[in-house]
Every structure is written in C-alpha cells, then in structure tokens.
1. From B:VAL150, B:VAL112, which residue is touching a Gly at 6+ places or on another chain (Cβ under 7 Å), crowded, with 24+ Cβ neighbours inside 10 Å and facing another protein chain (nearest Cβ under 9 Å)?
2. Looking for whichever is more than 26 Å from B:HIS138 (Cα to Cα) and among the charged types (D, E, K, R) here; the options are B:ARG226, B:ARG159. Which one fits?
3. Which of the residues spanning the range A:244-282 are in a helix (DSSP H, G or I) and touching a helix residue (DSSP H, G or I) at 6+ places or on another chain (Cβ under 7 Å)?
4. Residues B:TRP71, B:TRP63: which one is at pLDDT 90 or above, in contact with a helix residue (DSSP H, G or I) (Cβ under 7 Å, 6 or more places away or on another chain), in a helix (DSSP H, G or I) and open to solvent by 50 Å² or more (accessible area, probe 1.4 Å)?
5. For the range C:277-295, enumerate the residues that are open to solvent by less than 40 Å² (accessible area, probe 1.4 Å) and free of Cβ contacts under 8 Å to residues at least 24 places away in the same chain.
6. Just wondering, is there one or more residues in the range C:251-262 that are at pLDDT 90 or above, among the hydroxyl-bearing types (Ser, Thr, Tyr) and under 30 Å from C:LYS30 (Cα atoms)?
7. Scan the helices (runs of 4 or more DSSP H) fully inside the range C:63-144 and keep the ones with 2 or more residues being under 30 Å from C:SER195 (Cα atoms) and without any contact (Cβ under 8 Å) to a residue 60 or more places away in the chain.
8. Restricting to the range C:242-276, count the residues that are open to solvent by less than 30 Å² (accessible area, probe 1.4 Å), farther than 27 Å from C:LEU163 by Cβ and assigned to a helix (DSSP H, G or I).
Amino acid sequence: MAQTQHPQGVFAPWDDPAEKPIIRFQSVSKHFGDFTAIDDLTLDIYSREFFALLGPSGCGKTTLMRMLAGFEAPSEGTILLDDKDIAAVPPNQRAVNMMFQSYALFPHLNVHDNIAFGLKRSSMPKTEIPARVDEMLRLTRLEKFAKRKPHQISGGQRQRVALARSLAKAPKLLLLDEPLGALDKKLRNDTQFELMDIQERTGTTFVIVTHDQEEAMTVASRIAVMDEGRIVQVDTPDRIYETPNAVYVADFIGDVNLVHGKLHNDDQGRPSVHWGEGRTPIVGSMMDPAPAGTEVHFAVRPEKINIGTERPRDVTNCVRGKILDIAYLGNISTYHVELPSGEVFKAQATNSRRIARRSFTWEDTVWLWWSDTAGIILTR
Amino acid sequence: MTGRFSWFNATSLTFGFVFLYLPMLILIIFSFNESRLVTVWAGFSTKWYGELFQNEAFLDAAWVTLKVAFWSSTFATVLGTIAAYVMVRSGRFLGRTLFSGMIYAPLVMPEVITGLSLLLFFIAIGMDRGATTIILAHTTFSMCYVSVVVSSRLASFDRSLEEAALDLGCTPFDAFFSVTLPIIAPAVISGWLLAFTLSLDDLVIASFTTGPSSTTLPIKIFSAVRLGVSPEINALSTIMIGLVTIGVISASLASRGLIARREKEERLAQK
Amino acid sequence: MTKLRRFILIFVPYSWLVILFLVPFGIVLKISLSDIAIARPPYTPILDLSTGWAGFKEYLSQLDFENFVFLAEDRLYFLAYLSSLKIALISTVLTLIVGYPIAYGMAKAPNHWRPTLMMLVILPFWTSFLIRVYAWMGILSQEGFLNQFLLWTGLTSAPLTILNTDIAVYIGIVYTYLPFMILPIYATLEKLDDSLIEAAEDLGCSRLSAFWLVTAPLSKPGVIAGCFLVFIPALGEFVIPSLLGGSDTIMIGKVLWDEFFSNRDWPVASAVAIILLLLLVIPIILFQRNEQKNREANQ
C-alpha cells in the first residue's frame, strides 16, 4: 500500500461516513445486444483515491471505464460525478480524462503539441498554455523530447507523454486503461512507482483498469475485483489478499490451495471444514458465519503453509504427503506435495540455506501444517 | 533469394517490361518523326508538337478535360471520404447493404452501362448536357474508388485516437479535422489523384454524358484515332505519358524519401 | 445532435448514389421494357404522372419484354454475347500466362529492387488507357513495326493481317489489363515464406515439383483475384474492340454503343445493357466470395 499518510491518520475515506464519494455508480447495467457487459453494478469511488478495476479480459472493466469517459452510455442506472448525473454530458465536456491502452498519441503532432492539444480546447488563456505544458513536461521528465514526434521516442517515453497529455487539463478524474501493459517487466515496475508519485503530487483521483493483479496490488488504494459484469469484492489490497470473500477472488489474486468440504460449527461456534472420511477437519477463520452442513471451500496461501520432516506438536491443521515437485525460484521454493488421497498442496519456504543442504527432496515424505487463522473458509 | 536475380526471373522480367514499355517507347519516338507516316522514320523533328499547339480544338478539349477532372475529383474526394467514414464508422443503419452495394457496383459496372444510364437519366430530368453533366457522372463513379481507398485506410486507423481527441475536449467535427484528416491525408490525396486520372482517362462515360458544346480530350483523340494513326496524336500522347511519368516517379521518390527519413529519425530516437 | 450529424453524414453520399446511380439504372430497366418510337425521346410509353393512378396502370400495361424476346430471337445478339465471353475468357488466360512469370520474378527479386519493379508495373496503369491501346495500332498494322520486324527477320514473306482481327483484341486486352493480373499475384507470392520451398526441397521435391506442389497452390487466391479483375472489365470492353478489332469482332460493349449512337434504338440498347449486367452478376458474386475468403484467411 502506497497511500499518503494523512496527518489525522490513514487515508481511508471509504470508512468515513461523512466523506462524499466523487463517483457513484447506482445500479448501472450495460447491454450490447444480448450480451450483458455490466450487470446491476453499484460502486462508490472517493476523491484522491487510486482505484483499480481488476479482472480478466471480458469482465466489463473496460466498459465501466468507457462509461466514465463518456464513450458508452449506461443502459440502466445512473452514474454521478460530484452528485451530478453525467449520462447526457458528451466526452468532450466531461472533467474526466483518459489515458488509452494504445496511448493514442497523435502521430502528426510532436510531444509538446500532443500535451497542448487538450489545453488549446479548454478555457485556458493562450498565453498560459506554454507554461502549463512545460510544467507537465517537467513532471514527466520529458523536457528534452518536446520537439520529437511520437514515433521518435521509446515506449516508456510514449507512456509518459500519454500521461502528461491526460493530466494537462487537471481533470477531476483520470482514467488509465492498462497503462503499463505495453511496457516490459522492469520498466513496468519503475513506472508503477512513478505513477503513484505523480498521483500523490497532483492529488488527482485515478481509476486504473488492469488484468495484472500485481500491478493493482502495488498501486491501488482500493481494488474492485470484477467477474462477468459484476463486482465480486471491493477492498484494500491487503484485505483482498488476506480475506477474500469468494473463491474467485482468492484464486485470481496470487496463489492459493483450495479444499472443498462441508462446514461444521463446534460448541463455541468455531468453524471447521470436513473434507473426507477419516481426515481431521481443517480449522480456519470465517468472515460471515453460515449454518453447519453448507458446502464450503477452504483457502490457504502456500506461503502460510509450513513444511518439515517431523510432525509438529500442538497444531490442528496438519497433513502428510509426498513431495511431487519442487519449483526453485531463487529466494523461495514452492513444494508440490501429494496427499495419499490424491490432493496436491503447494507450500512455500524461503531458501535461507544453500540448496545442497536442503533436508528434503523429491519423493520424500513430509508434513505440512498451518495455524488455525492462516486459512479462510469461503461459502462461494 | 535476396541476393540477385536467377536467370529465369531475369528473363521473365525483361520480357515482361519490354512488352509493357516498348509500345509506348515506339509511340514516343515516332512523335519526333519528320514524316506524316508514323511507321517510317524520316528524320528528327518537333513539328508535330508545334502543330498540336496550333490546334485550337485540341487545346479547348484539353482545357475542358482538366476542368472536368479537377472538379469531379474534388467532389468525388469529399463525397467518397464521407462515404468511407460512414461505411467504417456508422455501424448499422437502414439500407446499409444497399449503400455498400452502390459503393462497390460502379467499380465493376461496365462503363457503357454507367454511361448509358446516366445519359438516359439526364434526358429524363431534362438537363442540358455538357461539362456539368460529365462532372456529375465522373464524380459518381470516382467517389466509389475514393471511398474504397479511404475506407481501407480508415479500417486500420486506431479509433482510440479519435476518442482521445474527444476526451481532450474536441467536438466530433474538430476531432475529424484536427486528428483524423491529417492522419488519413495520404489516402485522401491518393484517392484524389486516382479520381483525377480516372476522369482524365475516361472516354466512354464522357461520350455518353457530354453535349455538343463540350468535347473532352479522350473523345477528341478517339474520333481522330478511329481514322488511323497520326503523328499529332503521338505528340499529344507523349506529352501525357511524360506528365504522368514525372508525377508518378516524383510521388514515389517523395514517399520513399519520407520512409528513409522516418527510419533515420527512429534510429536517432533509440539513442 | 449526434443523431442529426450522423443522419446528414449518411444522407449526403447515400442520396447522391441513389439519384445518380440507382435511379438512372432504374430508367435503363424501364426503357428496356418500352418500345422504340420516332419521337423525342425515342421510346414509348412515357410516364405521365398527371393522369394519376389510372395513367400509371395504363403505363405499366404497355411495358413488356418484347425487346428481350427480340434479343433472344436475333442471332446477332446471342453471338455477340457468346463472342464477348469467348474473347474475355481467352484474354484472361493469356494475361495469366504472361502475368504470372512477371509477378513471380518480382516476388523473387532482390528486396531493394522491388519498389522500383512495383512502380514500373503501376506506371502504365496511370497512363491513359486510350493511348496505350492506340500505341498498338501503329505496331499491328499492315506496314506496322511488327510486320516490318517479321519481314526483316524473314519469319514471314508477306505482311500478316493482325490489326482489325480478334488477335489484335487479345493483345490489346492482355497489354492494358496486365497490371491487374500482376499485382494480386505478386501480393500473394510476396507473402510466401521462402522456407516453405526450402522445406519442400528438403523433403525431396525437385525445383519444379516444389513450385507445383507449394508455390502454385498458395498463390491461387491471387490468381483467382487477378483473373476476375481482368475478366469482368474485359467482358464489357468497348475501346479495344472498336480500335483494334475488325468489323467481325463483335463485343457486347460495342453492340450497345452502336445500337445507341448509330441505330438510336434506346429500348434495345437498354435491354442489351440489362443482359450484359446479368452476365456479369455471376463472376462478380464469385469474385466477392473469393475476396471474402481471402480476408477471412488473412485474419
């Protein structure tokens, strides 16, 4: 999480009932012929947020963004920007700017003119435009490239021109459609931090569309995970990761072990998952209690599972299996462990010792265990 | 095979280009013939060029042809560009199939039919035939060629460029003129050139739609040529071939120069 | 507002084409069903809207297929259609034979040569069609260059009559439509990966059989497109048969022209046009299908 630490505390306007959202989607649906791209969606986004819409392609995230920009109109429901319905406002009159996935830099204009393009069509006096353009060039470190055409600069520089151009008019809201998709991995990491820095300095509300969960986790103050036109979960990155509310979210973000079973509540109301005859039920935490007997999934992250040759004492959740595969990733290794019943668990361990001194290898029988609160029980 | 020509390819190309160019070369050489006989060389002379420029009828016809070609290609470019835009951007509308049919039909329609139908139409509405009717006729069939050229460019046009312009505060009109048009300009210009050439070249449609007052150069050439070859026509042909050659070569050199410059700039940018 | 703008954008070119393409075509259809008359305009009936619905019905009842019956019964027209088809077909095959090696040579030429060769093929296309046909008149005539050359080499003892025969028409069509054949074939051959040929030779093909088994089938879409691009306009050709052809060279475009300008028989000329169009419908539809298939294959 990379949010500004406000003097009064953590930046979390969504927890403050007095805070008014800048954007409100109210039961918005969008149909294209028979296809429903957005299905009865309600969502609030707050000022100065860095909000990520995350999901696989075709989940409706881009449609949602295009409705904010004004290129699509909702079929049902309303979108409010600062409490005003924006359905009737054409894109060129919205205080919203967009950074396109392809960057959409005008090939016939140089960098300076690309950035000035929007300003020339705003109420800004002509004499003030050069100063504003220079300011944007400085912000994005493009001063040296002002006279170049888009095809004369590198991919990373193009990305910054696109950002500068969409920020030049100081929009209330900036939309970023897969802004880093065209960059290679290393450049992408650097640019993520640059984006966050610029967002903080300009105080603009950013809405980013991405299919890259790592990117969303890095930059966003909150993430909305989408699937088939619906929002599955909206929360801060840490909560999305630690307490997903659905198998879909747990599976989409990071790596996860999933076990299917039936819910059991003991005398104190502690939930556990029965997952087969003769096996010790798995204990985990649960956000919304459900009646016993409900079909549930137990989800636990590989890095929360410990691996060892000896059976540990005083743990409830413990299974034994054979090492099927080891994926060595340098700093960590992922072990694929097959239980006698056939399920495969993934466990991660840091390689604090050199590889030759590892105490277990392929075909070894090992124990896996995790704490009572490490995993989460999900009803959907 | 990027090194050199194989003997087979070299032979077929040589024969092919000799076949394509020799007739025109002979035509040009004999425009400088002293004799009226176009097939027997009798010494070098430029007298047929002189006679050509004395010939009022040819000069008038040339002027009419240029006027018709200029206006019809200009109208055709405007209409054809709009039509291409409609075809690529407007999605579905009532009668879209008919519309695209009407765009493509004139491309394959024999000229005799186009000419006949337009003539019968002008007669039916009682319109006097002359330069105006030729311009209308040429505009109609050229706009289809223009729209094919422009729509193939528009189809590969990144639509988000227009959306970006709208997003940055352009009206749709402004977005078209300040973003779309400058980018598709090369296609629009080649559409105009194509329309201009088609109009310059056209004999059949012009013959049907013209009136007694306006004769175009192809009509003039056709009626002269029907009686047999003549050195004056050779001279006229040479001038026309020369102009086209200069035009095409310089256009191609210009575009190659542009590509080379762009490549150089790109190399520069990567430093 | 956007609706209005969209409407205007569609309306302008749409109505232009309706008025100057569809309506004239309807008039041709109408006149083809009328009878010749010595009047201005030289056909009856003439639609008089002032007589109202009854007048319109009366008008409709006077239209008939008489001209088409006439065309079907008169052997001249039937032969004209047949000979147009024959000439177009033979010229298309000849153009393919001449054009394929050129396209192949271009595609296999060194990379830096290709733009120049391309320009050399396109250049004649920009030059006047009429002039290119005219150029052959001086070559093919009795005392023309071809005969001078043949006599000089001793291949013939007396000048051949080529001008004003079907052969001259074939030469004219091959010459003027050659770029239409070369360009689509070149486009498919140029995309062809050289390693395919190498693979075929590696698998035991000779040069020639590699060509037959790999290059030729893969260039088929270009060959088909080129053939249609030559065949369709050749079928309705007027200039070439009237300048290079003889009095016994009958092509439908020329028949239509004569019917209209010499005989002033508008109804028959219109009927000839309608039948020419019907003749063209099949190749045009086949051509469209081929193009569609190529587009889908390229995606």
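1. B:VAL112
2. Details: B:ARG226 fails: more than 26 Å from B:HIS138 (Cα to Cα).
So the residue among B:ARG226, B:ARG159 that is more than 26 Å from B:HIS138 (Cα to Cα) and among the charged types (D, E, K, R) is B:ARG159.
3. A:VAL249, A:PHE252
4. Details: B:TRP63 fails: in contact with a helix residue (DSSP H, G or I) (Cβ under 7 Å, 6 or more places away or on another chain).
Every option except B:TRP71 fails the conditions.
5. Within the range C:277-295, C:LEU277 is the sole residue that qualifies.
6. no
7. Passing ranges, in order: C:75-107, C:114-126.
8. Matching residues across the range C:242-276 total 8.
The values are calculated or read from the model by the stated rules, or taken from the named source; none is laboratory data. If you're wondering where the values come from, they're calculated on a predicted model, not measured in any experiment. FYI the Cβ positions are ideal-geometry reconstructions off the backbone, even for glycines, and counts take in every protein chain you see. Just the protein is used for accessible areas: all its heavy atoms, side chains included, with ligands, DNA and RNA removed. Shrake-Rupley method; radii C 1.70, N 1.55, O 1.52, S 1.80 Å.
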